[in-house]
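Worksheet for the structure shown next.
Please treat every number below as a calculation from the coordinates, not as lab data. Note that the structure is a prediction, hence the values are computed from the model and not measured.
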Amino acid sequence: MFDLTPYGRRNQFFNPFREMDNLEKHLFGGLGFSEFKTDITEKDDAYLLEADLPGFRKEDIHVDVENNFLVIRAERTAREEKEEEGKTIYRERSYGSFSRSFDISNVDADRIQARYADGVLTLTLPKKVADTPAARHLEIQ
């Protein structure tokens, strides 16, 4: 079954990973380390997925297709503090690994295009073309 919504969002059964994410959000606020926000738009021939990844370098973002799932991973590591640059007295920016997965069973994975500009990763996900059976004449017996 095809569903471009983020993987795991529809399951209402107990999910320990979701519970840990919720606990992390409750205790530390913000998005936590496992999420970033996305918008998905359906067009006639493709889906457009836009993911907010501000502050990441292009080299730190990885997009992979694994078993009909699109996996977006990004990692941001803390800068090494150097004495000549001064001492950090307050740090709000989060560091760590971020990851999201999407079911793309209705997408032509070989034609996916990705670009990253102004902190937004934009993926064009072409829809699979439905195979239409060739017309043929049936002999009557």
Given H placed on each backbone N at 1.01 Å, which residues far from VAL107 in sequence or on other chains put an amide H within less than 5 Å of it? LYS128
Phi-derived 3J(HN,Hα) across the range 96-111 with the Karplus relation (6.51, -1.76, 1.60, θ = phi - 60°), rounded Hz, x for Gly and Pro, is x, 9, 10, 7, 9, 10, 9, 6, 10, 5, 9, 10, 7, 4, 6, 10
